[in-house]
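A short worksheet on the structure shown next.
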Amino acid sequence: MRIILIGPPGAGKGTQCQRLVELLRVPHLSTGEMLRAEVKSRTPAGLEAAAFMEQGQLVPDPIIVGMVSRRLQAPDCRRGCLLDGFPRTLPQAETLDDLLERRAMSVDGVIELAVPRDELVRRMLTRGREDDDPAVFAQRIASFELQTAPLLDYYANQGKLASIDGLGTAEQIFDRVKVAVKRFEHAARIR
Ligand code: ADP
C-alpha cells in the first residue's frame, strides 16, 4: 500500500503515522524528518533548506523532489510506503504521480485528518511546544489552507480521498483510519 496522510499542523498526523506504519509494515517517509536529518548532518541540501524552514516557509521543490525520489527508489519502498508531509502542493502531487508512474506504481489512497481551525489553535496552546509560536503557527495553518488544501480536490477527483474526522481519542481516530485503509485495499484489488 502506498498511502498519503494529509492534515494541518496539530491534526495529530504523527500519532496516526506511527500506528499506521505498524499496521501496514511499510516505511514512514516524513519529509519534515528527512529535512531535519539533512540539516543536522550539514549536507548541501540541508544547508539550503534550513533558511526556509526557520521561517516556516516551504523548501524549494528541487530539494524536496530529489530527496523523496531517491528515497522512493530504495528497495524497502518496493512494497509500499506511508508519505507524510509530501506532497504539500499541487505541483508536488503531479511530480509524485510522474515519479511513481515511471516505476509502474501509484498512490493507493489519501487520508485527510480533518480538524477545525479553533481546535488546532486550542491544541497548540495546550501542548506549548517551543516551535509553536502563535504567529508562526497561524502562518503554518494559512500555508496549509492555501497550498495544501487544494490537493484534497486533486485526490478526490481521482476517487482516492478518505476524509476522516480528526476529533476524538487517538484510538477512535485510528479506527477510522483502519476503515479507510480497508477501502483502499479493496479498491487496489479490483483495479
Ligand atoms: P509541520 O509540523 O509544519 O507539518 P513538517 O515536520 O512536516 O512540519 O515540516 C517541517 C518543515 O519542513 C516545513 O515547515 C517546511 O519548511 C519543510 N517541508 C517539509 N515537507 C515539505 C515539502 N513537501 N515541501 C516543502 N517544504 C517542506
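Values quoted throughout were computed directly from the atomic coordinates according to the rules given, and no laboratory measurement underlies them. Keep in mind it's a predicted model, so treat the numbers as computed, not measured. Here the Cβ is made from the backbone with ideal geometry for all residues, glycine too, and neighbour counts use every protein chain on show.
Please work out how much length the chain gains when fully extended from L90 to A142, using 0.36 nm per residue of separation minus the C-alpha to C-alpha distance, in nm with one decimal.
17.1 nm
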ask   = If you take the Cα Rg of segment 1-98 and divide it by 2.2 N^0.38 Å, with N the number of residues, what do you get?
value = 1.06
key: segment 1-113: relative contact order as a whole-number percent, Cα under 8 Å and 6+ apart   = 49 percent
request  = Between beta-carbons, use under 12 Å as the cut-off and find the net charge around Q73, counting Lys and Arg +1, Asp and Glu -1.
outcome  = +4
request  = Compute the signed sum of charges (Lys and Arg +1, Asp and Glu -1) over the other residues within less than 11 Å, Cβ to Cβ, of Q147.
outcome  = +1
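What number, rounded to the nearest 500 deg cm²/dmol, is the helix-based mean residue ellipticity at 222 nm of the chain, given -39500 (n - 2.57) per DSSP H run of at least four residues and division by all its residues?
-17500 deg cm²/dmol
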request  = Find how many whole Å separate the alpha carbon centroid of segment 21-93 from the alpha carbon centroid of segment 106-144.
outcome  = 19 Å
key: Ordering of 73-85, 8-20 by burial proxy (mean other Cβ atoms within 10 Å per residue, highest first)   = 8-20, 73-85
inquiry  = If I take every Cα pair under 8 Å that is 6 or more residues apart in the chain, average their sequence separation and divide by the length, what percent do I get for the relative contact order?
reply    = 32 percent
query = Counting pairs on different chains as well as pairs 8 or more places apart, how many Lys pairs in the chain have Cα atoms under 20 Å apart?
reply = 5
Cβ-Cβ FRET estimate between L100 and A156, R0 fixed at 22 Å, reported to 0.05 = 0.75
request  = Percent of Cα-Cα pairs per 10 Å bin, from 0 to the last occupied bin, for segment 60-184, please list those.
outcome  = 10, 36, 37, 17, 1
